[in-house]
Amino acid sequence: MKATRTIPILALLVLAGTFAAVAPANPASHASLTIHHQLRGCHSWSLNGGAFGTSKSVTLRHGGSVTVTNNDVMPHKLIESSGPAVLYTRVSRGGSMGMHGTYPPAMLARMGAATSITFSKPGVYRFTTKAGEDYMSGVKTTGEDNVLRLTVRVS
Ligand SMILES: [Cu+2]
């Protein structure tokens, strides 16, 4: 009788240990994404200085933020496609190249523009960007323009 009761408890302990190893014990509070221009597909982005690509995902603790910097030769508007509400805060308007006028912080309208997205609630947040027109004429690219995607898991 005693032995049969010990086994399930041990199994639970092993299972708990497995989950603890998978979930990051202490997720980061900040990440950064940088959009750049490229010949094939027009643009891609890099997470925390890593390899450039189209789809990125990151895990943050709630209250954390992601800063997106647009170094592409066209504007990008940040669009949340699913998840709880977020707060956009402009970090930089960027340099002189780009669109003129006043835009909400989700719109990265100039080269070097940066905006921070703050995540106050736990959950899964998904984003894409809507790219606008080139700042200057004569920019040549090959293939379809890439669609940038971001998944943020907030614990
Ligand atoms: Cu582009």
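Observations, loosely collected:
- Residues in the range 53-85 that are buried (at least 16 other Cβ atoms within 10 Å of the Cβ), among the hydrophobic types (A, V, I, L, M, F, W, C) and more than 16 Å from residue 108 (Cα to Cα): 58, 60.
- Which listed residue is buried (at least 16 other Cβ atoms within 10 Å of the Cβ), of a type in the set (S, T, N, Q), within 15 Å of the chain's Cα centre (by Cα) and within 15 Å of the ligand (Cβ to nearest atom), from 116, 46: 46
- Residues that are of a type in the set (A, V, I, L, M) and either surrounded by 16 or more Cβ atoms within 10 Å (Cβ to Cβ) or within 15 Å of the ligand (Cβ to nearest atom) (or both) are absent from the range 121-129 altogether.
- Single condition residue 122 does not satisfy, out of (1) without any contact (Cβ under 8 Å) to a residue 40 or more places away in the chain; (2) out of contact with any Asp or Glu (no Cβ under 7 Å at 6 or more places or on another chain): (1)
- Per this entry, residue 140 is not counted among residues that are farther than 18 Å from residue 38 by Cα, loosely packed, with under 13 Cβ neighbours inside 10 Å and of a type in the set (Lys, Arg).
- The C-beta contact set for the range 37-53 (first residue outside any strand (DSSP E or B), second residue within 10 Å of the ligand (Cβ to nearest atom), distance under 8 angstrom, 6+ apart or interchain) comprises 39/141; 41/141; 41/145; 41/146.
Values in this text are rule-based calculations from the coordinates and carry no lab data. Predicted, not measured: the structure shown is a model, and the values here were computed from it. Note that we place each Cβ from the backbone using ideal geometry, even for glycine, and neighbour counts take in every protein chain shown.
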